[in-house]
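*Asks:* My questions will all concern the structure given below.
The values are calculated or read from the model by the stated rules, or taken from the named source; none is laboratory data. As the structure is a prediction and not an experimental result, all values here were calculated from the model. Counting neighbours? That spans all protein chains shown, and the Cβs are built from the backbone with ideal geometry, glycine included.
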4 protein chains.
Amino acid sequence: MTFSAEFSVRFGEVDYARVVYYPRFFHYFHQAFEEWFSGALGAPYPELVVKENIGFPTIRAETEFLAPLRYGDRFRVDVELVDIGRTSITMAYTIVRLGDGKVSARATIKNVAIDNDTFKPMRIPDRWRERFERFRSGGGPEAPR
Amino acid sequence: MTFSAEFSVRFGEVDYARVVYYPRFFHYFHQAFEEWFSGALGAPYPELVVKENIGFPTIRAETEFLAPLRYGDRFRVDVELVDIGRTSITMAYTIVRLGDGKVSARATIKNVAIDNDTFKPMRIPDRWRERFERFRSGGGPEAPR
Amino acid sequence: MTFSAEFSVRFGEVDYARVVYYPRFFHYFHQAFEEWFSGALGAPYPELVVKENIGFPTIRAETEFLAPLRYGDRFRVDVELVDIGRTSITMAYTIVRLGDGKVSARATIKNVAIDNDTFKPMRIPDRWRERFERFRSGGGPEAPR
Amino acid sequence: MTFSAEFSVRFGEVDYARVVYYPRFFHYFHQAFEEWFSGALGAPYPELVVKENIGFPTIRAETEFLAPLRYGDRFRVDVELVDIGRTSITMAYTIVRLGDGKVSARATIKNVAIDNDTFKPMRIPDRWRERFERFRSGGGPEAPR
């Protein structure tokens, strides 16, 4: 299943070449990751991070940049969950320019579940694993399976 | 007394108009504020914030932007301490372009001492008040007056 | 008349004190300014900046920070146009936390119209002046009065 | 040959988990890339970008995050040039925490030479190819080979 979030390129997000400064693509991926929690899993990311004190730091990222984003461009970030491990999840992101439908960037990003106090990896708690699995198998947040 | 810190405009710090995106001036002011602690007060800001759990959030900022900074520009931030109150300090910042000596921006920024847990204003602790006063009266960090 | 835009505090927008890093408030003001063009004036800011090569850099900002924004907070930026000069406009911004209705920050920001190539101030073109006046007097973008 | 640049983690560069927000690692890589031009190749990056109108956008990045950076951490970015192609260069970056010598992150990043106006890939000009080769083979910027 794919979740999508839409954003616009802001005035201060470009670099001297007048295209989006490439580190900001990772900010876009992270914003889409945050939106995915509230929009697709039915549980906002702050609930996980602030209330349950669990983190999902990135431990690996592989990214291809195919076409630039420019000031004013509107774009979509497609989010897929490609793997659910014992302590980690692996997501795939595709950024598509809405103006011409071109793929701007693709990334595969692996996040590991940690206890925010110790920063040690932890087994993904069952209530989250179930949400991840429900999303991967195509059910929405309310879908009773 | 004036403390100065020097920085360069980075590739990703400009906006579509190819001048520094104005919110980043406040990041420059804050960087200079952080440098002022280690370079002029003899105590790094993380010592205050992390070890002593004190914060100095900004509660007021007045800023004039006089000349743009461009990619590659090297600039100096001059830092002055204009007032020491019971719970707050007021700093003046001047950004000067090193290429032509022109003033790029001026700001007066007021910071209040807080307990980082409660976020309530607190009386500035004496050991910090002394450092602030020593700086204002022209002594360096080690100067015993 | 007041225009409002809503945003959320993102995971990477806080500082070590776990409240929004204050320079980012100015990014929020600018985002609301950009939204105001498309949402209230009926003409996206990129149209002004990219097609007409006009800029509106900030030349003065006065800001008060009253209550912090935290990770996950949803907030509204209220935008008012308080003055239309020959070459400049002055806007007032109020950031309100949607959770408890508290005012987080207030700013008055003056922007001057410039030619993006020369960076010289210019008289605000009539078609933009009319849009600004229509907004100030309470008409929407399509309102023919 | 390896070039190194040192930086500190700033107050506003962490996220809610109080470690550096991972997109900022790419900003650190880019800052080190910019420093590499002036410090190792003897030609500032703005000279390439502004005067010669050549860009080196990132087209691929593979990154591993091994240990977090925290507020106040001082770190070193080691920069190596691992490949020089017809139109691209591939760099390796290693971020090392100066406090304990631990590797925080590793990246392999490929940049393609483009004409900044057309955004089309171009053959790397000889004067830049020579600088790249001199660095890779261990000569400093002034080394006459």
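Matching residues to (1) more than 7 Å from every other protein chain (Cβ to nearest Cβ); (2) part of a loop (DSSP other than H, G, I, E, B); (3) on the phi > 0 side of the Ramachandran plot:
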position	(1), (2), (3)
C:Q31	no, no, no
C:P68	no, yes, no
C:R76	yes, no, no
C:E80	yes, no, no
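*Asks:* Look at the stretch C:41-60 and say how many of its residues are away from chain A (no Cβ under 11 Å) and either farther than 13 Å from C:I89 by Cβ or basic (K, R) (or both).
*Replies:* Result for the stretch C:41-60: 5.
*Asks:* Please specify each residue of the stretch A:33-59 satisfying the condition of being in a loop (DSSP other than H, G, I, E, B) and either more than 21 Å from C:V9 (Cα to Cα) or among the polar types (S, T, N, Q) (or both).
*Replies:* A:N53, the sole residue that qualifies.
*Asks:* Limited to the stretch C:20-76, what total is found for residues that are among the basic types (K, R), under 20 Å from B:I109 (Cβ atoms) and without any contact (Cβ under 8 Å) to a residue 24 or more places away in the chain?
*Replies:* So the answer is 1.
*Asks:* Residues being part of a loop (DSSP other than H, G, I, E, B), in contact (Cβ under 8 Å) with a residue 60 or more places away in the chain and in contact with a strand residue (DSSP E or B) (Cβ under 9 Å, 6 or more places away or on another chain): count how many of those fall in the stretch D:97-118.
*Replies:* Going through the stretch D:97-118 one residue at a time, the tally reaches 2.
*Asks:* Please go through the stretch B:1-29 and pick out each residue that is of a type in the set (K, R) and either more than 30 Å from C:P46 (Cβ to Cβ) or part of a loop (DSSP other than H, G, I, E, B) (or both).
*Replies:* B:R10, B:R18
*Asks:* Being more than 14 Å from the chain's Cα centre (by Cα), modelled with pLDDT under 95 and among the aliphatic types (A, V, I, L, M): is that true of D:L66 here?
*Replies:* no
*Asks:* Across the stretch B:136-145, which residue is modelled with the highest pLDDT among those that are out of contact with any strand residue (DSSP E or B) (no Cβ under 6 Å at 6 or more places or on another chain) and surrounded by 13 or more Cβ atoms within 10 Å (Cβ to Cβ)?
*Replies:* B:G139
*Asks:* Report whether or not C:V50 is among the β-branched types (V, I, T) and over 17 Å from the mean Cα position of the chain (by Cα).
*Replies:* yes
*Asks:* When you scan the stretch D:18-32, do you find a residue that is aliphatic (A, V, I, L, M) and either surrounded by fewer than 16 Cβ atoms within 10 Å (Cβ to Cβ) or modelled with pLDDT under 95 (or both), even just one?
*Replies:* no
*Asks:* A further question follows. Going by the conditions given, is D:E62 in a strand (DSSP E or B) and either surrounded by fewer than 19 Cβ atoms within 10 Å (Cβ to Cβ) or out of contact with any strand residue (DSSP E or B) (no Cβ under 8 Å at 6 or more places or on another chain) (or both)?
*Replies:* For D:E62, the condition - in a strand (DSSP E or B) and either surrounded by fewer than 19 Cβ atoms within 10 Å (Cβ to Cβ) or out of contact with any strand residue (DSSP E or B) (no Cβ under 8 Å at 6 or more places or on another chain) (or both) - is met.
*Asks:* Kindly indicate which of B:N111, B:N116 is modelled with pLDDT under 95 and either in contact with a helix residue (DSSP H, G or I) (Cβ under 9 Å, 6 or more places away or on another chain) or of a type in the set (G, A, S) (or both).
*Replies:* When all the criteria are applied, what remains is B:N116.
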